[in-house]
1. Take the stretch 11-50 and flag every residue that is part of a strand (DSSP E or B) and at pLDDT below 95.
2. Give me a count of the residues in the stretch 118-161 that are of a type in the set (A, V, I, L, M), touching a Ser or Thr at 6+ places or on another chain (Cβ under 7 Å) and touching a residue at least 60 places away in the same chain (Cβ under 8 Å).
3. Within the stretch 86-93, can one find any residue that is farther than 21 Å from residue 10 by Cβ and without any contact (Cβ under 8 Å) to a residue 40 or more places away in the chain?
4. Is it true that residue 7 is within 24 Å of residue 140 (Cβ to Cβ) and modelled with pLDDT of 95 or more?
5. Determine, yes or no, whether residue 25 is touching a Lys or Arg at 6+ places or on another chain (Cβ under 8 Å) and without any contact (Cβ under 8 Å) to a residue 24 or more places away in the chain.
6. Can you pull out every residue in the stretch 83-125 that is over 14 Å from residue 140 (Cα atoms), in a loop (DSSP other than H, G, I, E, B) and modelled with pLDDT of 95 or more?
7. Filtering the stretch 126-158 down to residues that are assigned to a loop (DSSP other than H, G, I, E, B) and of a type in the set (S, T, N, Q), which residue is farthest from residue 34 (Cα to Cα)?
8. Do you know which of the residues in the stretch 102-143 that are over 27 Å from residue 25 (Cβ atoms), aliphatic (A, V, I, L, M) and in contact with a strand residue (DSSP E or B) (Cβ under 8 Å, 6 or more places away or on another chain) is surrounded by the fewest Cβ atoms within 10 Å (Cβ to Cβ)?
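The values are calculated or read from the model by the stated rules, or taken from the named source; none is laboratory data. Bear in mind the structure is a predicted one, so any value in this text is a computation, not a measurement. Note that each Cβ is placed from the backbone with ideal geometry, even for glycine, and that neighbours are counted across all protein chains shown.
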Amino acid sequence: MKNLKIITTGGTIDKLYFDDLSDYQIGKPIIGELLNTYHVGFDFEVVPLLKKDSIYITDEDRELIRQVIEKSEESHFLITHGTDTMVETAQFLSAIKGKTIVLTGALTPARFNATDAIFNIGCAVAAVQTQPAGVWVIMNGLVWNPEHVRKNRKANRFEEA
């Protein structure tokens, strides 16, 4: 992997909590800051494509993601995505051939102390370098084929579908 293209779409991983509003809002993508902090040994580019909670991501948004990937020279992509519709987006992108595409997110914002975001990003970076071409969902320390995974909201984790 010479260069990793990171596409951010919003989701919990980039949410900020505003105390005075008792509300979450999607902030600036944090992944580039995290990777720079950890002095990763590869080049990367962050493309902030969307700032949406994934429940609001549409097929038109997914088509935009697909077009960006297909027009890019890179062969390795990491997409940060909200967890509610991550599987649907992964399935939508499955028709793309010859590229390794990994989607990950977080169940708690990356800016929180007790977050799964950093672990998920680390797992996704490893997976995008080691998985064959195709689309993969990375959550809870596991690599999932998007056809065989679902989010279990009650247990707050991903599991086999």
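1. If the condition is that a residue be part of a strand (DSSP E or B) and at pLDDT below 95, then 15, 16, 17, 18, 23, 24, 25, 26 are the ones that fit.
2. 2
3. For the stretch 86-93, residues farther than 21 Å from residue 10 by Cβ and without any contact (Cβ under 8 Å) to a residue 40 or more places away in the chain: absent.
4. Yes: the conditions hold for residue 7.
5. Values: touching a Lys or Arg at 6+ places or on another chain (Cβ under 8 Å): yes; without any contact (Cβ under 8 Å) to a residue 24 or more places away in the chain: yes.
Yes, satisfied.
6. Across the stretch 83-125, the qualifying residues are 84, 85, 94, 95, 96, 97, 98, 99.
7. 145
8. Going residue by residue through the stretch 102-143, those that are over 27 Å from residue 25 (Cβ atoms) are 126-136, 141-143.
Remaining after also requiring aliphatic (A, V, I, L, M): 126-128, 133, 135, 142-143.
From the residues that got through so far, the ones that are in contact with a strand residue (DSSP E or B) (Cβ under 8 Å, 6 or more places away or on another chain) too are 127-128, 133, 135, 142-143.
On the way: 127: 19, 128: 24, 133: 12, 135: 25, 142: 15, 143: 16.
Within the stretch 102-143, the match that is surrounded by the fewest Cβ atoms within 10 Å (Cβ to Cβ) is 133.
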